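Everything below concerns the one structure shown next.
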Amino acid sequence: MTLTDQKSSDKQNGAAGDMTVIRRDILRLAWPVTVENILQMTVGLVAMAMVGRLGATSIAAVGLVNRFTQLIWALFAAIGTGSTVLIAQSTGAGNQEESRRIARSSLWMALIFMSATTLPVYLFARQALMVFNPQPDLLAVATSYFRISIWSVPFMVITMLTASILRGMGNTRTPMLIALGANVINAACQYVLIFGLGSIPAMGLNGSALAIVIAQACGALVSIGVLFRAFYPLSFLSATKKPGMSRKVLKVGVPAAAEHLCWQVAAFIVTRLIVGLGNIPMAAHQLGLQAEAISYMPSAGLGIATTALIGQSLGAGRPQLAKKYASELVRWAIVITALAASVLLFLPKQFLSLLTTDREVIELAAVYLMLMGLGQSPQNIASVFNGALRGAGDTRTPMYIALAGLWFIRIPLAMFLSKPFGVKGVWLAITVDLFFRFFLSLWRYLPGNWYKKPRLYTEGKAV
């Protein structure tokens, strides 16, 4: 049910803004995204557990390559976020044709984006990884892994764009099912290609990369079919007649992409700092990131649900309903995060033991998980605040907050604390940054003016 339909239903039943309806809508959107994220996290953990048996160098290599993969995703975020926000608002306004134009323009931009990034990265993979100044053995392993895994990016972009579009429409269940299928394929291929089976030779870390490509390709094929069915007929040729739509998508999405880009550039600097401390600290950092996802996934689902529900509410001309959704989502984030973060605080070593048998890496990574356990509440609650702002069309404020935290707190403090405390000092700086950005997000959210921001659609027409 869209919020346009719900508005009519509320009038009939006299239950506009009823908390039962609000909670039902939150659950309807949030649980599939949360399950999808948990599936991805679980498969990521399974893959990392297999890679962890290959040694610290392989773990560190995955960490280095992931930094570049996340950077590519940050650039693509302009299209993904813009699509989600605009389609959420056009859906709330009941304008299906506008949603079709947004989807069509987004697909064109995604195709151009993929063409411009994949081949250059493949050709210059080794040179790109040298930015981190890794040890020779790490550079060799990471380069080989990177040149295979980069071919998963075009498929990943298609799948993520489809998910962004469908979530804007209020459909989070289909992306979850696509992710489920892709993750099952990934897990099976990871085992077979890493360790070998029958006549299939063991490929080690390169097998892990190939498994990712196969799984993402399968997910992309299904995503294309789903997207064309949702917007049938979806003619690519008519996209060139509406160049303004691409500009509109980018206008909304570029601040979000800039925010993601700031994150990834900061992550580059932090990673380079940690790589300089040795392969063991880098492996511990990568395992910590992988394990930390267990507490972030539920709130990530709430953040995505926030953007969709706020966008649809404002698109339907219902700012007070948007405010009620946001308040309830914050309460959900507090409860869920407290439960999930307890795993990081009280069972770090037990959890890490599932991923690797290297005791030195486990002991060090446990420190990271305990610090992140402290920082998960402010981080995840802030993600709901920022999701509300994005749903209202304000994608600039989260970017400014990210800039302030990353460049005035995280990076300078990490450089300063790494000298006396090593990698633990870097992790402490990250924790301080999480609290700093939480208070900035809270300061922007509490006045309550965010949901009064002029929406991008009025009476079903773009403005």
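The values are calculated or read from the model by the stated rules, or taken from the named source; none is laboratory data. None of these values were measured; they are calculated from a predicted model. FYI the Cβ positions are ideal-geometry reconstructions off the backbone, even for glycines, and counts take in every protein chain you see.
Might you check whether a residue that is among the hydrophobic types (A, V, I, L, M, F, W, C), touching a helix residue (DSSP H, G or I) at 6+ places or on another chain (Cβ under 8 Å) and at pLDDT below 80 occurs anywhere in segment 118-136? Checking segment 118-136: not a single residue is among the hydrophobic types (A, V, I, L, M, F, W, C), touching a helix residue (DSSP H, G or I) at 6+ places or on another chain (Cβ under 8 Å) and at pLDDT below 80.
Set side by side, the residues 116, 103 differ, and just one is part of a helix (DSSP H, G or I), under 22 Å from the mean Cα position of the chain (by Cα) and buried (at least 19 other Cβ atoms within 10 Å of the Cβ), which is 103. When residue 366 is tested against (1) in contact with a Lys or Arg (Cβ under 6 Å, 6 or more places away or on another chain); (2) more than 30 Å from residue 85 (Cα to Cα); (3) surrounded by 23 or more Cβ atoms within 10 Å (Cβ to Cβ); (4) among the hydrophobic types (A, V, I, L, M, F, W, C), only condition (3) is not met.
If only residues of segment 165-187 that are closer than 18 Å to residue 314 by Cα and small (Gly, Ala, Ser) are counted, the one that is farthest from the chain's Cα centre (by Cα) is 170. In a residue-by-residue description of segment 208-224, the property of being polar (S, T, N, Q), modelled with pLDDT under 80 and in a helix (DSSP H, G or I) applies to no position.
Among the criteria (1) over 23 Å from residue 446 (Cβ atoms); (2) in contact with a Leu (Cβ under 8 Å, 6 or more places away or on another chain); (3) surrounded by 20 or more Cβ atoms within 10 Å (Cβ to Cβ); (4) not β-branched (Val, Ile, Thr), the one residue 354 does not fulfil is (3). Counting the residues of segment 384-401 that are at pLDDT below 80 and either under 20 Å from residue 331 (Cα atoms) or in contact with a Leu (Cβ under 7 Å, 6 or more places away or on another chain) (or both) gives 4.
I'm checking my understanding of the structure. Among residues of segment 384-429 that are among the β-branched types (Val, Ile, Thr) and surrounded by fewer than 23 Cβ atoms within 10 Å (Cβ to Cβ), which one is farthest from residue 274 (Cα to Cα)? Working first, answer last.
Taking segment 384-429 first, the residues among the β-branched types (Val, Ile, Thr) are 384, 395, 397, 401, 409, 411, 423, 426.
Next, from what is left, pick out any that are surrounded by fewer than 23 Cβ atoms within 10 Å (Cβ to Cβ): 397, 409, 411.
Working: 397: 30, 409: 17, 411: 12 Å.
Step by step, filter segment 384-429, then rank; the result is 397.
Select from segment 105-127 the residues that are touching a residue at least 40 places away in the same chain (Cβ under 8 Å) and over 16 Å from residue 152 (Cβ atoms) and list them in ascending order.
Our first condition is that a residue be touching a residue at least 40 places away in the same chain (Cβ under 8 Å); within segment 105-127, this holds for 105-110, 113-114, 117, 121.
Correct list: 105, 106, 107, 108, 109.
Condition check ((1) in contact with a Gly (Cβ under 8 Å, 6 or more places away or on another chain); (2) among the aliphatic types (A, V, I, L, M); (3) modelled with pLDDT under 70) across all residues:
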| residue | (1), (2), (3) |
| --- | --- |
| 7 | no, no, yes |
| 11 | no, no, yes |
| 21 | no, yes, no |
| 25 | no, no, no |
| 42 | no, no, yes |
| 48 | no, yes, no |
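Annotation: of all residues in segment 304-318 being hydrophobic (A, V, I, L, M, F, W, C) and under 17 Å from residue 77 (Cα atoms), the one that is farthest from the chain's Cα centre (by Cα) is 308.
Taken residue by residue, segment 326-335 has no member that is part of a helix (DSSP H, G or I), among the polar types (S, T, N, Q), at pLDDT below 80 and within 27 Å of residue 257 (Cα to Cα). Please determine whether any residue of segment 81-99 is part of a helix (DSSP H, G or I), over 18 Å from the mean Cα position of the chain (by Cα) and farther than 26 Å from residue 396 by Cβ. Checking segment 81-99: at least one residue is part of a helix (DSSP H, G or I), over 18 Å from the mean Cα position of the chain (by Cα) and farther than 26 Å from residue 396 by Cβ.
If the condition is being out of contact with any Asp or Glu (no Cβ under 9 Å at 6 or more places or on another chain), at pLDDT 85 or above and closer than 15 Å to residue 353 by Cα, then segment 275-289 contributes only 285.
Mind listing just one residue for me: the one in segment 270-286 that is more than 17 Å from residue 69 (Cβ to Cβ) and under 22 Å from the mean Cα position of the chain (by Cα) and, of those, surrounded by the fewest Cβ atoms within 10 Å (Cβ to Cβ)? Break it down into steps so the answer makes sense when it comes.
First pass over segment 270-286, keeping only residues more than 17 Å from residue 69 (Cβ to Cβ): 273-274, 276-281, 283-284.
Now drop any that are not under 22 Å from the mean Cα position of the chain (by Cα), which leaves 283-284.
Values: 283: 28, 284: 33.
Step by step, filter segment 270-286, then rank; the result is 283.
When residue 72 is tested against (1) surrounded by fewer than 24 Cβ atoms within 10 Å (Cβ to Cβ); (2) farther than 23 Å from residue 396 by Cα, exactly one condition is not met: (2). Which numbered condition in (1) crowded, with 23+ Cβ neighbours inside 10 Å; (2) modelled with pLDDT under 75; (3) among the small types (Gly, Ala, Ser); (4) out of contact with any Pro (no Cβ under 9 Å at 6 or more places or on another chain) is the only one that residue 52 fails? Only one criterion in (1) crowded, with 23+ Cβ neighbours inside 10 Å; (2) modelled with pLDDT under 75; (3) among the small types (Gly, Ala, Ser); (4) out of contact with any Pro (no Cβ under 9 Å at 6 or more places or on another chain) is unmet by residue 52, namely (2). Criterion applied to 197, 123, 177, 166 was being crowded, with 17+ Cβ neighbours inside 10 Å and of a type outside the set (Gly, Ala, Ser), and the one residue passing it is 166. Inspection of segment 97-120 finds a residue satisfying the criterion of being in contact with a strand residue (DSSP E or B) (Cβ under 8 Å, 6 or more places away or on another chain) and farther than 21 Å from residue 205 by Cα.
Among the residues of segment 430-463, what is the count of those that are at pLDDT 90 or above, hydrophobic (A, V, I, L, M, F, W, C) and surrounded by 15 or more Cβ atoms within 10 Å (Cβ to Cβ)?
Narrowing segment 430-463 to residues at pLDDT 90 or above: 430-440.
Next, only the ones that are hydrophobic (A, V, I, L, M, F, W, C) stay: 430, 432, 434-436, 438-440.
Applying the additional criterion that residues be surrounded by 15 or more Cβ atoms within 10 Å (Cβ to Cβ) yields 430, 432, 434-436, 438, 440.
Residues in segment 430-463 being at pLDDT 90 or above, hydrophobic (A, V, I, L, M, F, W, C) and surrounded by 15 or more Cβ atoms within 10 Å (Cβ to Cβ): 7 in total.
Selection of segment 303-325 for residues being in contact with a Lys or Arg (Cβ under 7 Å, 6 or more places away or on another chain), assigned to a helix (DSSP H, G or I) and not β-branched (Val, Ile, Thr) yields 308, 314, 315, 319.
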